[in-house]
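The values are calculated or read from the model by the stated rules, or taken from the named source; none is laboratory data. On a predicted model such as this, the values are computed, not experimentally measured, just so you know. Cβ placement follows ideal geometry from the backbone for every residue including glycine, while neighbour counts extend to all protein chains displayed. Accessible surface is based on the protein model in full, side chains and every heavy atom, while ligands, DNA and RNA are left aside. Shrake-Rupley method; radii C 1.70, N 1.55, O 1.52, S 1.80 Å.
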Protein chains: 2
Amino acid sequence: MEESEILAKLPLVFTESALRQEMLTHGKFITVNKDDTLVREGQYLDFLPIVIKGEIRVFQQKEDREILLYYVREGQTCMMSLSAAYFNHTSTSYGVATKPSEIFVFPTRLVNEWQLKYSSWNAYLIQTFRSRYDELLGSFESVAFDPIDKRVLSYLTDRAKKENTAQIAISHQNLAYELGTTRVVISRILKGFEQQGKVKLFRGSIRLK
Amino acid sequence: MEESEILAKLPLVFTESALRQEMLTHGKFITVNKDDTLVREGQYLDFLPIVIKGEIRVFQQKEDREILLYYVREGQTCMMSLSAAYFNHTSTSYGVATKPSEIFVFPTRLVNEWQLKYSSWNAYLIQTFRSRYDELLGSFESVAFDPIDKRVLSYLTDRAKKENTAQIAISHQNLAYELGTTRVVISRILKGFEQQGKVKLFRGSIRLK
DNA sequence: TGCTTTATGTATCTTTTGATACCGTTTTTT
DNA sequence: AAAAAACGGTATCAAAAGATACATAAAGCA
């Protein structure tokens, strides 16, 4: 890929041209397939990723179940990788591509260096932490205070908005995973929604009405 | 208070002596009473606090209920204040002292300046964000997957450990607030624990056995 | 085509949690 | 001291959610 092309793909928030230039110099561009694992638990991180295209699912694995932390989307970096790298700890989570993705990676030592040189880099880091915190706080409140039917509806409308379509491609089982409940509960609730005319159900997808 | 006294009370993680000196120069020491409000929702922050002694309860207020985010304890700063100040946003939460406290405060503009000068300051910020995130993640998992009786027991043993005593001073009502449930549920569960010989109940406190 | 896997619908039963109400006791306030 | 507020125990009822089991349909594949 041409340097100018990469430059054009870097998030616009990096305002200092010297920073953008350093990214080009030290970073490199990689592509991964769907279901490729970028990071696994216990691994030391010698690179920090910024997702250019695609999506990475970040989660933790406990005994039997999986805890979804967040998705890293275009222009974003992985908060968990970032802080693990910063303190030279191993990763406590997994990162797996949900689709074919393009990732820009560069050595983790630069995280520290750039903090002392570029304020747009600092702003990016703090923004990353704060928005992940707010996101998790939203999930927490939802789990703590909202009944499941409301959470299902929120999930669907959020995704519809984000993906700009009324048709959400997800199975009942996977929706149950996302919300930390069981398939039967989801099927029951969705059927109720359909009877109320709120959605139309298809095999493998749900359309909001 | 003498400068040397204040210096001694600043968290040890600030390793650069120039940073410690700047803190002295630009910051000041304030004391607050129990139940004093330091920060309220909608307020712009012109200062960032570091708690030297005491404890600040940080929470959000929604319609009817209150969401406890975290406690800021000795040596810690408030993540919510920090990021609000950083982006010149108003605060989305409240900060209220739970006991008489001593707070070191300094102008928020220094947060940015120090990032570009002192790496121990950067490490402190990132540590602050990451540990709050992990803390919230723990609460999330607990709410999502643990039955209430287990959460009650975890709460008690955590506090016992943190305060280094088996006697936890809290009413059933306040314990219910902390865990987002109701008084009756807590009383029921605690009585069960007492019958199983796990705790002994007193008015206003619970002793672990 | 026939077999297997995945997706979904639904009934039944149990458990967990919450809501409400009423009680007596202790502590604090007036 | 009297009144009010806070604290805790407990019974009853209802609702929410999970567990289990079984059934049908669609999709993928050998």
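A few comments on the model shown:
- Percentage relative contact order, chain A, counting C-alpha pairs under 8 Å, at least six apart: 19
- Backbone HN-Hα couplings from phi across the stretch A:102-117 [Karplus 6.51/-1.76/1.60, Hz, Gly and Pro as x]: 10, 10, 9, 10, 8, x, 5, 4, 6, 3, 5, 4, 5, 4, 7, 10
- Under the Debye formula (equal points on every Cα, no solvent term), log10 I(q)/I(0) of the stretch B:137-180 at q = 0.24 Å⁻¹: -0.90
- For residue A:61, label point 7 Å along C-beta direction: distances to other copies, nm: 4.6
- Shielding by partners, peptide B:111-117 (average Cβ within 10 angstrom, other chains): 3
- Average accessible area per residue (Å²) across chain A - probe 1.4 Å, nucleic acids and ligands excluded: 50
- Kirkwood-based shape ratio for the stretch A:146-208, expressed as Rg/Rh from alpha carbons: 0.91
- Interface size A-B, as summed buried accessible area [1.4 Å probe, Å², nearest 100]: 3500
- Peptide A:132-144 shows a mean partner chain C-beta count of 6 within 10 Å per residue C-beta.
- The mean count of C-beta atoms from other chains within 10 Å of the C-beta of residues in B:82-91, rounded to a whole number, is 2.
- Efficiency of FRET between residue B:205 and residue B:131 - r from beta-carbon atoms, R0 30 angstrom, step 0.05: 0.60
- Residue-averaged [θ]222 nm for the protein assembly as shown, counting only DSSP H segments that reach four residues, each worth -39500 (n - 2.57): -14500 deg cm²/dmol
- Intensity falloff of the stretch B:119-163 expressed as log10 I(q)/I(0), Debye formula with alpha-carbon point scatterers, at q = 0.13, 0.30, 0.32 Å⁻¹: -0.42, -0.99, -1.03
- Dimensions of chain B along the principal axes, based on C-alpha atoms and rounded to the nearest Å, stand at 58, 36, 29, largest first.
- J(HN,Hα) series, the stretch A:46-58, from Karplus relation 6.51 cos²θ - 1.76 cosθ + 1.60, nearest Hz, glycine and proline x: 9, 9, 10, x, 10, 7, 9, 8, x, 7, 10, 9, 10
- In this assembly of identical copies, the label point of residue A:181 (Cα plus 7 Å along Cα-to-Cβ) is separated from its counterparts by 1.9 nm, sorted shortest first.
- Percent accessible area from carbon and sulfur atoms, chain B, protein chains only, probe 1.4 Å: 49
- Each peptide among B:96-105, A:169-178 gets the average number of other Cβ atoms lying within 10 Å of its residues, and from highest to lowest they stand as B:96-105, A:169-178.
- Copy-to-copy label separations for residue A:4, where each label sits 7 Å from Cα toward Cβ, in nm and ascending: 6.5
- Cα pair distances exceeding 15 angstrom across the stretch A:1-106, given as percent: 63
- Cα gyration tensor shape of the protein assembly as shown, rounded if a/c is under 1.5, else prolate or oblate by comparing a/b with b/c: oblate
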